[in-house]
Amino acid sequence: MTHRGRVEQLYREWGPLLYRRCLRILGDGSEAEDAVQDVFLKFLERLPRHHERGTTLNLLYRMSTNHCLNLLRRRRLTPGGLPEGHEPPCPQAGPAEVAGRRLALAEILDAADETDRLILYLVAHDGLTQEEAAEIVGISRRAVVKRIAKIRRTGPVEGMGR
């Protein structure tokens, strides 16, 4: 099978999963579609030598997460920040508290390495278990627990339970 044929097969098989991932991070369907296409184009350009199903899926999942996080970071750095309606839901918190939480989370994300950012999103945002996050990231559950503890020392993050 050609590289292009392999990528097309992967797109049909895992495109919907990666789209849902991008949609959860970006909050916009058309942006999520664009992000998934960008990820597969990058994947095609750098077609890895990985042939195992789990390894390729892990790589694509990480690539999509990192791509979306970079899009959010660029969006945050542009005038206006996040579009209206993309504020984190917190009905009992006032605007100042929400802004403070967003700033704290942005600082934690900026200070974290790529793996820690991925674990943060998988556990706190996507609601995955530590075991599921470990499988996707490709490390042991114990390593995930240690990284979560390190993230917690950086600052409080909602949703980082067991």
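Numbers for the structure displayed
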read-out: Cβ-based net charge around ASP126, under 10 Å, with every Lys or Arg adding one and every Asp or Glu removing one; value: +2
read-out: Potential extension, ALA104-LEU47 segment - 0.36 nm per residue separation minus Cα distance; value: 16.9 nm
read-out: Mean Cα-pair separation over length for the stretch 95-162, i.e. relative contact order, pairs under 8 Å, 6 or more apart, %; value: 36 percent
read-out: Residue exposure sequence - VAL39, VAL137 - by fewest surrounding Cβ within 10 Å; value: VAL137, VAL39
read-out: Prolate/oblate/rounded label for the stretch 95-162 (Cα gyration tensor, a/c 1.5); value: prolate
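We did not get these values from a lab; they are worked out from the coordinates using the rules stated. Quantities reported herein were computed from a predicted structural model and do not represent experimental measurements. Every residue, glycine as well, gets a Cβ built from its backbone with ideal geometry; the counts of neighbours run over all protein chains shown.
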